[in-house]
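Working notes for the structure below.
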Amino acid sequence: MRRHVLSLAVLAAALAPAAAGAQFTRLDGRVDEGTRSAIVAIADSATLAGLPAELADKLVSRALLGASRGAAPGAIIDAVRSLAQRMGSAQQALGPARPVEIDAAAEALRVGVQPLTLSQLRSAQPRGAVDVALVVLVDLVQRGVPVDTASRLILALAETRVGDGVYHALREHVARDIGAGALPVVAAATRTRGVLATGAATTADQAERVAAPGDITGVSTRPRGGPPPPP
Amino acid sequence: MSERREFDVIDAAARTLRSPVVVDPAAKQRLVAALRDSPVPRVGAGRRAWHWIARPRPVMVSPLWTAAAAVLIMIGVFRAAIGWERTGEQPAAVPPAPGGPAVAAASNLHAVQFVLVAPGAASVALVGDFNGWDTGETPLAPSASGGLWSVEVPLAPGRHVYSFVVDGRRWIPDPSAARAPDSDFGTPSSVVLVGERSL
């Protein structure tokens, strides 16, 4: 009898960590039990649906952010569920992708990037990672560049297969230009046109597309944080 | 043959069988010499082990212990597979990233330096998905002359979202890093890509 009890104890000890999931222990003491259960269920469903298990940690982190900000349990659960859905959509749009790409693509969807843009980005760089391009795309949108324009600019760069350094430089230059008072859309289009005009793989057609007048008209051109435009 | 005659024959046979056998004294020596000269077949350790494994014999095993062993093996295989999958995407080197946090590689983790210029701040903390957004987890240290706050944090490869918390209540993004979208909680935050494609 004692031997059987020992066997069961060994079995339980071996199974417990795997069943609990190490990332979910971070929720202990940070959210109530009901919220914790809901988040675990969302993460399990996402994993069963095909999301990489590593991304469950991102869902947990989103819940912890909500807890740190004092959000209500319902708001935390909604945010986590929404993120899981975006991750699923991002994975579907990208096709085979690394977790970091899915993570970045989910945030791109959050700012209004279309799933078709994600697919086109993947097609433009079938063998390269798209996480840097997506992070810069989101950054441009966050700085006030309209999402359609930002998407076109990033796609144009991706089609020329520029390196990560180009995206880095573009982000820095656009941020600096905006900080100096330039309109976000003008800064982004001008800087991208410069990259395409001087880049080795550029074509006149691509340069024309990123600088098309339609990209910089009929959109909000007020820098973020600046004064409102006159009526 | 009469019965008496049969007994005599049997008795004679029994006497013959009971009598000691006379062995040639040299026969034993010849046998020993023959054995000494004959080659002894050598069996290697591997062959003996294989024979021990392959030899069929009944084995007494508790079903409970068998199940426990099977579960432990499965867990080991699962964890090894996860570890392999994660280490499979670890880069060997990290290129310098212009702007944003400075990143330096060390094994699987990469030391990332976060810096904020906040001259009037009494305290600055770093919060992010890597520390559970805990405002007490990663304080920044002020420079000797004041105004510049910094901290180095080892981060796993991937995309990390973070913010600075000034004086325990004001959340601000990293002015020099890429911006992250709104997290649904009204938190301004920044992004750092750690690993092969640092940003």
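The condition (being outside any helix (DSSP H, G or I), of a type outside the set (D, E, K, R) and under 29 Å from A:Arg193 (Cβ atoms)) is satisfied by just one residue among A:Val141, A:Val145, A:Val166: A:Val145. Out of A:Arg143, A:Arg161, one residue alone is more than 10 Å from chain B (Cβ to nearest Cβ) and not small (Gly, Ala, Ser). It is A:Arg161.
The test for being touching a strand residue (DSSP E or B) at 6+ places or on another chain (Cβ under 7 Å), touching a residue at least 12 places away in the same chain (Cβ under 8 Å) and within 12 Å of another protein chain (Cβ to nearest Cβ) does not hold for A:Val80. Which of the residues belonging to segment A:28-69 are under 18 Å from B:Val161 (Cα atoms) and more than 17 Å from the chain's Cα centre (by Cα)? Result: A:Leu64, A:Gly66, A:Ala67, A:Ser68, A:Arg69. For segment A:97-122, a tally of residues being part of a helix (DSSP H, G or I), within 14 Å of another protein chain (Cβ to nearest Cβ) and surrounded by fewer than 20 Cβ atoms within 10 Å (Cβ to Cβ) returns 1.
The residue of segment A:55-93 that is surrounded by the most Cβ atoms within 10 Å (Cβ to Cβ), among those that are closer than 21 Å to B:Asn131 by Cα and among the polar types (S, T, N, Q), is A:Ser61.
Scanning segment A:116-159 for residues that are touching a Lys or Arg at 6+ places or on another chain (Cβ under 8 Å) and polar (S, T, N, Q) yields A:Gln125, A:Gln142. Inclusion of B:Pro175 among residues that are under 12 Å from B:Pro101 (Cα atoms), part of a loop (DSSP other than H, G, I, E, B) and within 12 Å of chain A (Cβ to nearest Cβ) is warranted.
Yes/no matrix, rows are residues, columns are (1) within 14 Å of chain A (Cβ to nearest Cβ); (2) at pLDDT 90 or above:
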position	(1), (2)
B:Ile73	yes, no
B:Gly83	yes, no
B:Thr87	yes, no
B:Val94	yes, no
B:Ala97	yes, no
B:Val127	yes, yes
B:Asn131	yes, yes
B:Glu137	yes, yes
B:Ser145	no, no
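Scanning segment B:33-67 for residues that are in a helix (DSSP H, G or I) and surrounded by 10 or more Cβ atoms within 10 Å (Cβ to Cβ) yields a total of 10.
For segment A:83-96, the set of residues classified as away from chain B (no Cβ under 12 Å) and either among the charged types (D, E, K, R) or not in a helix (DSSP H, G or I) (or both) consists of A:Gly95, A:Pro96, listed by residue number.
Could you count how many residues in segment A:47-77 are touching a Ser or Thr at 6+ places or on another chain (Cβ under 7 Å), of a type in the set (A, V, I, L, M) and more than 10 Å from every other protein chain (Cβ to nearest Cβ)? Residues flagged as touching a Ser or Thr at 6+ places or on another chain (Cβ under 7 Å), of a type in the set (A, V, I, L, M) and more than 10 Å from every other protein chain (Cβ to nearest Cβ) within segment A:47-77 amount to 2. Quick check, is A:Leu134 part of a helix (DSSP H, G or I), in contact (Cβ under 8 Å) with a residue 40 or more places away in the chain, buried (at least 24 other Cβ atoms within 10 Å of the Cβ) and touching a Leu at 6+ places or on another chain (Cβ under 9 Å)? So A:Leu134 fails the test.
The values are calculated or read from the model by the stated rules, or taken from the named source; none is laboratory data. For clarity, every value in this text was computed on a predicted model and none was experimentally measured. As a convention, Cβ positions derive from the backbone with ideal geometry for all residues, glycine included, and neighbour counts pool all protein chains shown.
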